[in-house]
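**Q** After the structure tokens below, expect a handful of questions from me.
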Amino acid sequence: MTYRVEGLNQAQFQPYFAMSDEELLAYNARHVVAGADMGFPCRVSLQDARAGEALLLIHHISHDVMTPYRSAYAIFVREAADQPACYIDSIPPVFEGRPIALRAFDSEAMLKTAALALPGQTDAKICELLERDDIAYIDAHNAAHGCFSARINRC
């Protein structure tokens, strides 16, 4: 099964990096600095920020649909991230070493099924879900914190 894991577009977040801390409050956002080499997963580059890197922590609508499954949560975006990452039939670094919740949706944005992928299982679980004809796409979330990680589409 051929699939694509894509990062978010940095352009939608760029204006926030220039805002003051006070201005960011109106957007449910904060400037943060990574305190470790893991634990600050960027949703553009799909890599963890390194300790000392500047990030934006922002409320993001990841599943912007007119169904009961509309979803939003906090995400990190690295200031240095420029282009959205794209992984074809491979797992991005932000999935490695983390349990990943996979939510599989049909073409009408209705949840059809879900799976939990423990470290080392993500590729197999994605392929298993995409074997179903009724699955149009998958949203991956960090299982522990619940935050959106990336969208997974068929190629």
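Every number in this text was worked out from the coordinates using simple rules, so none of it is lab data. Keep in mind that what you see is a predicted model, and the values were worked out from it rather than measured. Here Cβ is always computed from backbone atoms with ideal geometry, including for glycine, and neighbour counts include all displayed protein chains.
**Q** Take Leu56 and decide whether it is over 22 Å from Ala11 (Cα atoms) and not aromatic (Phe, Trp, Tyr).
**A** Spelling it out, it is not the case that Leu56 is over 22 Å from Ala11 (Cα atoms) and not aromatic (Phe, Trp, Tyr).
**Q** How about the stretch 109-134: which of its residues are surrounded by 18 or more Cβ atoms within 10 Å (Cβ to Cβ) and either outside any helix (DSSP H, G or I) or without any contact (Cβ under 8 Å) to a residue 60 or more places away in the chain (or both)?
**A** Within the stretch 109-134, Ala117, Thr122, Lys125, Leu129 qualify.
**Q** Additional query: Kindly check whether there is at least one residue in the stretch 68-86 that is more than 17 Å from the chain's Cα centre (by Cα) and within 30 Å of Ala136 (Cβ to Cβ).
**A** For the stretch 68-86, residues more than 17 Å from the chain's Cα centre (by Cα) and within 30 Å of Ala136 (Cβ to Cβ): present.
**Q** Could you check the stretch 10-22 and list, in sequence order, the residues that are surrounded by 12 or more Cβ atoms within 10 Å (Cβ to Cβ) and within 30 Å of Leu130 (Cβ to Cβ)?
**A** Across the stretch 10-22, the qualifying residues are Gln10, Gln12, Phe13.
**Q** Among the residues of the stretch 81-98, what is the count of those that are assigned to a loop (DSSP other than H, G, I, E, B), exposed (fewer than 15 other Cβ atoms within 10 Å of the Cβ) and not polar (S, T, N, Q)?
**A** Count: 4.
**Q** Of all residues being of a type outside the set (A, V, I, L, M, F, W, C) and surrounded by fewer than 17 Cβ atoms within 10 Å (Cβ to Cβ) in the stretch 23-46, which is farthest from Pro93 (Cα to Cα)? Just the residue, please.
**A** Glu23
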